[in-house]
Amino acid sequence: TTDEATRVFTERESDVRSYCRNWPVVFDRADGIYQYTEHGKRYIDFFSGAGALNYGHNNPVLKRALLEYLEGDHVVHSLDTYTVAKREFLETFEDVILKPRNLDYKVQFPGPTGTNAVETALKIARNSTGREDIVGFTNAFHGMTLGSLAVTGNSMKRNGAGTPLYHATPAPYDDYFDGETADFMWLDRVWSDSGSGLATPAAVIVETVQGEGGLKAARAVWLRELQALCRRHGVLLIVDDVQAGCGRTGTFFSFEEAGIEPDIVCLSKSISGYGLPMALTLMRPELDQWEPGEHNGTFRGHNPAFVTGTAALRTYWTDDALHDNVLERSAQLREALGRIASLTDGATVRGRGLLAGIAFRDVAVAGKIAAAAFDRCLLVETSGPESEALKIMPALTVTKDELAEGLEVLVEAARDVLG
Ligand code: PMP
């Protein structure tokens, strides 16, 4: 029975576990957009490991590269020594991602996961400016270690942690006032005013789409104004592209469409492409002021993740096919989301690319639709401080038919709830 199958989790695993509460089955195998329980029941996965599986589960090209690497007895763990796998990743990242975009960033491997990239970014900003404060935005999510938590907006996640390590000032995100413009005049003024009580910060950290915070997407003009504000005051602009990056919005970096060039960029989730832990902190070369060993860690570059990451970049980022698929599939997704939104008053479609969803006026609706979808074997999640938004993020490689299949289930689930 399900109870026996999940006993060790409910009794032994910490009560902090979360996703499994909505999806109380035991998964075993996975392939593309599908996950199968230990009994072979098939679920369509439109959550994609919270954005860690942009190329689908067990992507065959990446799997082949990984298996060849393992079968060849190449180095798996290597601290931060030079390896062939790391060299190939860095060369590929330079040739496929940075050079064609005219970007010049030094690459740091800050540790295995997204929050490591954010902690490192904050430390670089403080180190290189000599200033302390960081500005983050309302509803932001940057990770659960104490520095990234300090710039995360969600008070439920912050409350138990005590005083944040960083002095972090929250600022209203784009559209925070529901249609009223949230401009930067006040920040411009207080940073210039020694009587304001707010010191000029070291950096501003921003997500272009708030993946965890309710799926609002910043407008390109807002991001450009933010960059201009930062440049006027010598404040570093950090874009946290952990969730919205690696192609989620169509372009490799989510900020490309706005034409901005952040000083520091955080990447993780799908940078290995295969769901293996990996993170990058990119910085303008002059910000790389570290002393050797000043910032270290045991898992600063996992070679199997370099191998799958290199294969992902070579397979998906040397032509426009994936980018075009994201744009076409996101139009298909938005059309279905619009149909669901029209079933009830005050629902708004949010997000950009394949990081999109619907926010409902009755905050309970999103969770009910996600539960009804699970009953129909579709995995979707909610987002936002009150879980008020239904969140859809299929693999970027999803085909037209696969997306249509899942969206049909989603529309049925929405009808179950909204009548
Ligand atoms: N930044 C953003 C924008 C994220 O969405 C997340 C994870 N949801 C993180 C940082 C933290 O990443 P991780 O959970 O891998 O530490």
Inset, instruction - Provide the FRET efficiency to the nearest 0.05 for the Tyr36-Glu412 pair, computing r from the beta carbons and using R0 = 25 Å. - result: 0.75
Legend entry - For the chain, convex hull of alpha carbons as volume per residue, Å³: 149 Å³
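Give, to the nearest whole percent, the P(r) tail of segment 1-61 beyond 16 angstrom, counting all Cα pairs. List each step's numbers first, then the result.
Details: 927 of 1830 pairs.
Here the tail beyond 16 Å accounts for 51 percent of pairs.
Mind listing which GluC sites (Glu not before Pro) in segment 365-398 are in a DSSP loop and have 16 or fewer other Cβ atoms within 10 Å?
Answer by residue number: Glu386.
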Inset, instruction - Could you run the Karplus curve 6.51 cos²θ - 1.76 cosθ + 1.60 with θ = phi - 60° over segment 349-357 and give me ³J(HN,Hα) per residue in whole Hz, x for Gly and Pro? - result: 7, 10, x, 8, x, 9, 10, 9, x
Inset, instruction - Take the alpha carbon atoms of segment 206-264, find their radius of gyration, then divide it by 2.2 N^0.38 Å using N residues; give the quotient. - result: 1.06
Legend entry - Top of Val326, Val190, Val206 by mean-square fluctuation, Gaussian network on the chain, Cα under 10 Å: Val190
Inset, instruction - Starting from the Cα gyration tensor of segment 97-214, take the square roots of the eigenvalues, sort them a ≥ b ≥ c, and report rounded, prolate or oblate (rounded when a/c is under 1.5, otherwise prolate if a/b is larger than b/c, else oblate). - result: rounded
Inset, instruction - Measure off 7 Å from each Cα along the Cα-to-Cβ vector at Asp362 and Arg87, then give the distance between these two points in nanometres to one decimal. - result: 6.2 nm
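Once you have the Cα-Cα distance between Glu71 and Arg29, take 0.36 nm times their residue separation minus that, and quote the gain in nm to one decimal.
Values: separation 42, 0.36 × 42 = 15.12 nm, distance 2.14 nm.
Value of the extension gain: 13.0 nm.
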Inset, instruction - Take the Cα of Val61, step 7 Å along the line toward its Cβ, and report every residue of segment 297-323 whose backbone nitrogen sits under 14 Å from that point. - result: 308-323
Legend entry - Computed label-point distance, nm, for sites Asp193 and Leu79 using a 7 Å Cα→Cβ extension: 5.2 nm
Legend entry - the chain - percent of accessible surface contributed by carbon and sulfur, probe 1.4 Å: 49 percent
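Please go through segment 280-330 and write out the GluC sites (Glu not before Pro) that DSSP classes as loop and that have at most 11 other C-beta atoms within 10 Å. Before the final figure, lay out the partial values.
On the way: sites: Glu286, Glu294, Glu328; in loops: Glu294.
Sites meeting the loop and neighbour criteria: Glu294.
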Inset, instruction - Report the calculated FRET efficiency for Arg101 and Asp15 (r = Cβ-Cβ distance, R0 = 41 Å), to the nearest 0.05. - result: 0.40
Inset, instruction - Step through the residues of segment 319-332 one at a time and calculate ³J(HN,Hα) from phi using the Karplus curve (6.51 cos²θ - 1.76 cosθ + 1.60, θ = phi - 60°), rounding each to whole Hz and writing x for Gly and Pro. - result: 9, 9, 4, 5, 4, 5, 5, 4, 5, 5, 5, 6, 5, 4
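The values are calculated or read from the model by the stated rules, or taken from the named source; none is laboratory data. Given the structure is predicted, the values throughout are model-derived calculations rather than measurements. All Cβ positions, even for glycine, are placed from backbone atoms using ideal geometry, and neighbour counts span all protein chains on display. Protein only, heavy atoms only, side chains kept; ligands, DNA and RNA dropped before computing areas. Shrake-Rupley method; radii C 1.70, N 1.55, O 1.52, S 1.80 Å.
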